[in-house]
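Everything below concerns the one structure shown next.
Every read-out reported here was derived from the displayed coordinates using simple, explicitly stated rules and does not represent laboratory data. From a predicted model like this one, the values you see are computed outputs, not experimental measurements. Every residue, glycine as well, gets a Cβ built from its backbone with ideal geometry; the counts of neighbours run over all protein chains shown.
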Amino acid sequence: MTEQQYELTKLFRQVQSHKHLEDHVQVYEADSFDERLAKERAENEVALGKIRQMLAGGVSLDFVDQNQHTPVLLAVTQNNVELLQLLKEYGANLLAPYRYDTPLHRAAEFGADRVVRFLIEQGADPRGLTPGGQSVLGAARTSRHSRKVPALLVELLLPTKSQRPPPPKKPKGLSEEKVVRYLQGAAPPGVRPASWEKLRLIMDAVFVEAHFVTIDAFFEGIEEQSSMNPDLVFAGIGLIQAAIAEPPKDKKVKKVSKSSYVHHGNLEVEGPLKVGALMVTGNLTVKGGAANPQGASLFVGGDFTCETLKSQGPVIIGGNLEATHVTAQYNDYALEVRGTLRAAKLVVEDKHVVTAGRFEVSERVDS
């Protein structure tokens with residue numbers, strides 16, 4: 001990469017998408033939106049003008065940067081269609097893959113919704129895979145940068161649902177047929193109708209690419225709902241039990257090392273447990289203390305037994321909770337036990353919401 005090509009990539013980064021203005025300023029600081037949008041557009045005109053001048057002057061687009069990204073792979077992350085159109089005008093192939101990435105996958109990963117739509121209009125295949133086998137929708141779903149893109153891709157993929165690969169000969173995970181049948185029923189007790197409908201929409205999106213989905217991918221897709229819709233995530237336990245191809249298994253582990261983990265069946269942890277995001281469809285037994293920090297979700301379909309529990313995040317226990325000492329902190333989330341909460345001592349701080357079908361607590365302290 002020459003010095004001029006390096007300067008070109010710096011200019012790419014100056015081209016703005018107006019996303020922050022449209023998503024936040026227009027909503028919360030509407031009085032300043034028009035002025036700030038006009039300013040950004042003027043700045044874009046300057047940056048695009050300089051890029052055009054360099055390309056017209058002979059700067060080649062045939063290079064990769066120090067991270068092995070082509071100019072197009074760099075440009076798609078700016079979520080600006082004008083920039084892509086300019087590169088195309090000077091000979092760039094907007095669809096060409098490079099190594100393990102494609103412009104469409106990278107745009108999806110970075111949440112560049114305008115560019116995703118534009119590239120598909122230019123002929124990019126929304127069902128295409130990277131050389132490593134990742135789908136465009138998969139790239140969007142697994143990225144913390146991508147919020148609008150999954151819904152956009154589902155919208156674009158639904159008309160071509162018949163183009164999915166055939167179902168596997170050996171079923172594994174959740175089948176579309178069983179999931180659809182289960183979700184056609186009424187919402188289970190404790191699940192709001194709005195959450196039940198949202199779960200239906202999520203699962204419609206899941207099956208635009210495949211006939212089956214693993215429970216890991218399923219939990220990954222719904223876990224982000226745990227803060228605002230914990231009842232929706234808990235409903236996933238019933239869905240797994242009704243629709244999974246594999247039988248439940250009893251499992252014993254020394255620790256849960258994954259930040260997001262789901263197990264179908266009973267799970268026993270031989271030491272302390274610090275939860276990132278955990279779903280167990282059966283019983284959960286912890287041979288030590290358990291804790292879920294603020295925002296970390298814990299969902300257990302059956303009984304949950306541990307020595308102590310310190311809960312700061314959303315927790316729903318379908319059966320009983322039994323511990324020597326339970327502490328519930330912060331009022332952003334709730335600890336919900338649908339069976340009996342048994343503890344020698346229950347400490348509730350900051351007006352944290354704690355509910356149970358029945359309390360068997362020797363001492364309760366509210367502070």
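List of remarks:
- Positive contributions from Lys and Arg (+1) and negative ones from Asp and Glu (-1), summed over other residues with Cβ under 9 Å from the Cβ of His69, come out at -1.
- Convex hull of the chain built on C-alpha atoms - directionally averaged projected area, nm²: 22.1 nm²
- Loop-located GluC sites (Glu not before Pro) in segment 1-43 (DSSP state other than H, G, I, E, B) with a sparse environment of at most 16 neighbouring Cβ atoms within 10 Å: Glu29.
- Segment 3-163 gives an Rg/Rh value of 0.99, both radii derived from C-alpha positions and Rh following Kirkwood.
- Simple spin-label estimate for Thr214 and Lys10 in nanometres, 7 Å along Cα-Cβ: 4.4 nm
- Percent of beta bridges antiparallel (DSSP, the chain, rounded to nearest 5): 10 percent
- log10 of Debye I(q)/I(0), alpha-carbon scatterers only, for segment 251-366 at 0.10, 0.21 Å⁻¹: -0.24, -1.13
- Nearest-0.05 FRET efficiency for Asn331 and Ser362, computed from C-beta distance (R0 22 Å): 0.35
- With the simple spin-label model, which puts each label point 7 Å out from Cα in the Cβ direction, the Glu197 to Lys274 separation comes to 4.1 nm.
- Ranked by how many other Cβ atoms sit within 10 Å of their own Cβ, fewest first, the residues Tyr6, Tyr330, Tyr182 fall in the order Tyr6, Tyr330, Tyr182.
- Compared with the dominant Cα axis of the chain, that is its longest principal axis, helix 230-243 is turned about 80°.
- Hydrodynamic estimate: the Kirkwood radius of segment 236-297 over Cα pairs, inserted into Stokes-Einstein at 37 °C and 0.692 mPa s, corresponds to D of 271 µm²/s.
- Listed by Cβ neighbour count within 10 Å, with the fewest neighbours leading, Val81, Val149 appear as Val81, Val149.
- Projected label points at Leu95 and Arg127, each 7 Å from Cα along the beta carbon direction, are separated by 1.5 nanometres.
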